[in-house]
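The values are calculated or read from the model by the stated rules, or taken from the named source; none is laboratory data. Treat the numbers as computed from the prediction; the structure is a model and nothing was measured. Using ideal geometry, Cβ is built from the backbone for each residue, glycine included, and neighbour counts are taken over all protein chains shown. To get the accessible areas, we keep the full protein, side chains included, count just its heavy atoms, and leave off ligands, DNA and RNA. Shrake-Rupley method; radii C 1.70, N 1.55, O 1.52, S 1.80 Å.
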Amino acid sequence: MRKRLAGLVLGMMLLGAGSAYGQVSWETPLLVPPGAQGGLGLFLMDATPGDLGVLGTWRSGAGPQNLGLRLGLAEDSSNDLTIFGGVDVLGRLTRANSEFPLDIDWVLGAGASIGDFVWLAFPLGLTAGHTFQGDGASFTPFVAPRVILDAFLGDHVGDDLDLDVAVDLGLDLRFHSNLTIRFAATIANDRKDGLAIGVVF
């Protein structure tokens, strides 16, 4: 019990150290619905922890493994600029059918943000959603729970590891022109309040 309590306190201290220095998390929100379409994406975001940011993405699209890249710039909580980026891979687990209503992919990622220190994060989780068809458009609500291994590197925080949990809620609105409006928000744990909205084309 004491070990668990000590681990919990240590984890809170590590996350608190990150917040104190205003570092931005590269994967909050992760912005990955199942079967995410290929193409370029441009997003405005409210970074966690931090403020306004811009994010560019690229995805390879359909295939046995769907590769995504991202690069962004955001203000941290001290109004300093942080650069961040990462890579993720989606792999198909199942697709909706008459017996099961959800599309589900696994997702694995690696990335970093660089500001007062280096924050590496390695998310592993699932993304699940269902696509509803309408006149001229389709929409896909999705949820993406994940665990994240965090590594903090730098003189301010020492070299430490932490394990976190996050959940994204998102929505894709896709038009038949292949233009998609994508929104996602992180709602769980210390990464909560991160959100982004943009277009994929």
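Structure values in brief
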item: Solvent-accessible ranking of Arg92, Arg70, largest area first, probe 1.4 Å; result: Arg92, Arg70
item: Solvent-accessible area, 1.4 Å probe, carbon plus sulfur percent, for region 93-200; result: 65 percent
item: For Leu93, solvent-accessible area (1.4 Å; no DNA, RNA or ligand), Å²; result: 100 Å²
item: Folded to 0 to 90 degrees: helix 2-20 orientation relative to the chain principal axis, Cα; result: 80 degrees
item: Thr48, Thr94, reordered so the largest accessible area comes first (probe 1.4 Å); result: Thr94, Thr48
item: Per-residue SASA entry for Val87, accessible area with 1.4 Å probe, Å² rounded to 10; result: 50 Å²
item: Relative contact order (%) - the chain, alpha-carbon pairs under 8 angstrom, separation at least six; result: 20 percent
item: Accessible area (Å², per residue) of region 100-191, counting only protein heavy atoms and a probe of 1.4 Å; result: 48 Å²
item: R0 of 30 Å, Cβ-Cβ distance His176-Ala62: FRET efficiency to nearest 0.05; result: 0.95
item: Calculated [θ] (222 nm, deg cm²/dmol) that DSSP helices of n ≥ 4 give over the chain, each run adding -39,500 (n - 2.57); result: -3000 deg cm²/dmol
item: Simple Cβ-charge dipole of the chain, Lys/Arg +1 and Asp/Glu -1, about Cα centre, in debye nearest 20; result: 620 debye
item: Sequence of Asp190, Asp160 from largest to smallest accessible area, 1.4 Å probe; result: Asp190, Asp160
item: Rough spin-label spacing in nm, given labels placed 7 Å along Cα→Cβ, for Thr94 and Ile187; result: 2.2 nm
